[in-house]
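Have a look at the structure below, then the notes.
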Amino acid sequence: MKRILLPLLLGLAASSLPVAAQQSSMLSQAQRAYMAGDVATAKPLFEKVLASDPQNVAARNFLKAIAETEAQAGPGAKLEKQLQALVLPNVEFKEATLDSVLDALRKQASKASGGKIEPNFVVQPGVNVSSPVTLRLSNIPFLEVLRYVAQLVQADFVVDRFAITLKPKAVAAPAATPAQ
């Protein structure tokens, strides 16, 4: 009986070694990606490690840290990061209204990203949508174009989870004069 069990146990142990090695390799790869700031690669790898080994403390802790970072980043962080990485090859507007500029930017973002990014815009009351916009730029990140446009129409913008909101520029309160 011992002669039969020993080879069987050794065979089972040997067959689990490649799985453990693969899991260790995946964990190392995930950790390297995380440390390099590539959370998009690291997160699914940590999830795979945890799926194959629910007791893996390292993977669990890294996933917890990723979740906390995502929660602190705010709802529009993912879209903002995508838009910052999106470079528009050529932007040119001459005396265009804000509505037409935003529509053109939406189309250019969709084209430049291969249809992956198609931003929505919300314009709050108080923003002059008929303000003329004249702008000519080349090879510029999408968010920089938006900063210039917002500046030209005297507005600020906020990137939320599902849309970019343009709102009237905050007016600074007048400085209080000292009483004499």
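The values are calculated or read from the model by the stated rules, or taken from the named source; none is laboratory data. Computed from a prediction, not measured in an experiment: that's the story for all the values here. Here the Cβ is made from the backbone with ideal geometry for all residues, glycine too, and neighbour counts use every protein chain on show.
Looking only at the range 48-70, filter to residues that are surrounded by fewer than 14 Cβ atoms within 10 Å (Cβ to Cβ) and charged (D, E, K, R); which one of those is nearest to residue 20 (Cα to Cα)?
Per the stated criteria, the residue is 64.
Looking at 63, 86, which is the one that is at pLDDT 85 or above, in contact with a Pro (Cβ under 9 Å, 6 or more places away or on another chain) and among the aliphatic types (A, V, I, L, M)?
The match here is 86.
Has the range 80-95 got any residue that is surrounded by 13 or more Cβ atoms within 10 Å (Cβ to Cβ) and either among the charged types (D, E, K, R) or farther than 30 Å from residue 165 by Cβ (or both)?
yes
Going by the conditions given, is residue 125 more than 18 Å from the chain's Cα centre (by Cα) and under 14 Å from residue 165 (Cα atoms)?
In short, yes.
This table checks each residue for (1) of a type outside the set (S, T, N, Q); (2) farther than 17 Å from residue 164 by Cβ.
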site	(1), (2)
100	no, no
108	no, no
114	yes, yes
129	yes, no
133	yes, no
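Yes/no matrix, rows are residues, columns are (1) hydroxyl-bearing (Ser, Thr, Tyr); (2) modelled with pLDDT of 85 or more; (3) out of contact with any helix residue (DSSP H, G or I) (no Cβ under 9 Å at 6 or more places or on another chain):
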residue: 68; (1), (2), (3): no, no, yes
residue: 72; (1), (2), (3): no, no, yes
residue: 97; (1), (2), (3): yes, yes, yes
residue: 106; (1), (2), (3): no, yes, yes
residue: 129; (1), (2), (3): no, yes, no
residue: 136; (1), (2), (3): no, yes, yes
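Could you list, in sequence order, the residues of the range 23-37 that are surrounded by 10 or more Cβ atoms within 10 Å (Cβ to Cβ) and either at pLDDT below 80 or touching a Leu at 6+ places or on another chain (Cβ under 7 Å) (or both)?
23, 26, 29, 30, 33
Is at least one residue of the range 62-84 more than 21 Å from residue 144 (Cβ to Cβ) and among the polar types (S, T, N, Q)?
yes
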